[in-house]
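The values are calculated or read from the model by the stated rules, or taken from the named source; none is laboratory data. Not measured: the values here are computed from a predicted model. A quick note on method: Cβ atoms are made from the backbone with ideal geometry, for glycine too, and the neighbour counts reach across all protein chains shown. Only protein heavy atoms, including side chains, enter the accessible area calculation; ligands, DNA and RNA are left aside. Shrake-Rupley method; radii C 1.70, N 1.55, O 1.52, S 1.80 Å.
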Amino acid sequence: MKRQEMRISGSGGQGIITAAVIMAEAALLAGFNVAQTQSYGPEARGGICKSEVVIDEGAVGFPKVISPTFLLALTQSSLDKYSSGLPKDCVIMADASLTLPKGIEAIQIPILATAREKVGKNFVANIVALGAINETLKIVPHECLAEAVKKHIPKGTEDLNMLALSEGVKLGG
């Protein structure tokens with residue numbers, strides 16, 4: 001696997017940080033070295049939020065993303081803010097409801113609509129996104145991702161979150 005420098009972005013309250021924590025955990029379970037960081041404004045719910053994950057077979061000497069290989073954007077404001085100045089080979093995944101800035105190419109998939117319409121709960125959009133990301137980038141074995149999801153979700157929501165993960169995999173395939 002080549003080094004992944006992932007930026008996951010959206011709005012506070014969408015599970016952006018939880019998604020990055022889960023991806024980092026899955027990478028650890030798969031035997032990779034990992035660093036995970038996050039930032040969000042004082043308006044934690046509703047403001048722009050980002051979380052970053054660096055995954056590598058070798059040592060991770062610096063925990064922040066320097067040259068993103070992947071960007072996920074779940075809101076228009078996060079897409080507008082984080083899509084400029086990316087390396088040419090950075091894979092951008094954006095929710096299908098977003099308008100791409102001029103000159104930006106992205107994989108657009110209905111992450112938010114899938115969470116709402118196929119899974120039945122908006123709050124699992126982050127898990128839908130993780131399924132799509134991992135299926136697209138082939139970062140970790142599915143079993144590692146599923147195990148990490150189960151470690152970081154509320155008890156009693158396992159079936160719902162596994163459905164969300166499965167629907168995300170379908171989107172990324």
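Within the accessible surface of the chain, defined with a 1.4 Å probe on protein heavy atoms only, the carbon and sulfur portion equals 53 percent. Projected label points at residue 155 and residue 121, each 7 Å from Cα along the beta carbon direction, are separated by 1.6 nanometres.
Approximating the spin labels as points 7 Å out from Cα along Cα→Cβ, the residue 2-to-residue 28 distance works out to 2.7 nm.
Distant-in-sequence amide contacts of residue 47, defined by a placed amide H-H separation under 5 Å and a gap of 5 or more residues or a different chain, comprise 12. Each Cα pair under 8 Å and six or more residues apart adds its sequence gap; the mean of these over the residue count of region 74-127 is a relative contact order of 28 percent. Under 20 Å Cα-Cα from residue 151, which lysines qualify once same-chain neighbours fewer than 8 residues away are excluded? Result set, ordered by chain and number: 121. Taking every protein chain into account, the accessible area of the chain amounts to 46 square angstrom per residue (probe 1.4 Å).
Electrostatic tally near residue 134: other residues with Cβ closer than 14 Å to its Cβ, Lys and Arg +1, Asp and Glu -1, net -3. Put the Cα centre of region 103-135 next to the Cα centre of region 57-82 and the gap is 17 Å. Each residue of region 167-173 was assigned a 3J(HN,Hα) from its phi angle through the Karplus curve 6.51 cos²θ - 1.76 cosθ + 1.60 (θ = phi - 60°); the sequence is 5, x, 4, 4, 5, x, x Hz, with glycine and proline shown as x. Here's the list of lysines a cross-link from residue 81 could span, going by alpha-carbon distance under 20 Å and ignoring same-chain residues fewer than 8 apart: 50, 64, 102.
Starting from the coordinates of the alpha-carbon atoms of region 102-173, obtain the Kirkwood hydrodynamic radius over all distinct pairs and give the value in Å to one decimal.
12.2
Is the shape of region 1-105 best called rounded, prolate or oblate, per the rule: a/c under 1.5 gives rounded, else a/b larger than b/c gives prolate, else oblate, with a ≥ b ≥ c the square roots of the Cα gyration tensor eigenvalues? Here region 1-105 falls in the oblate category. Highest mean packing first, where packing is the average number of other Cβ atoms within 10 Å per residue, the peptides 54-66, 75-87 line up as 75-87, 54-66. Across region 52-63, coupling constants 3J(HN,Hα) worked out from phi with the 6.51/-1.76/1.60 Karplus curve, θ = phi - 60°, read 10, 9, 10, 10, 8, 6, x, 5, 9, x, 9, x Hz, and Gly and Pro carry x.
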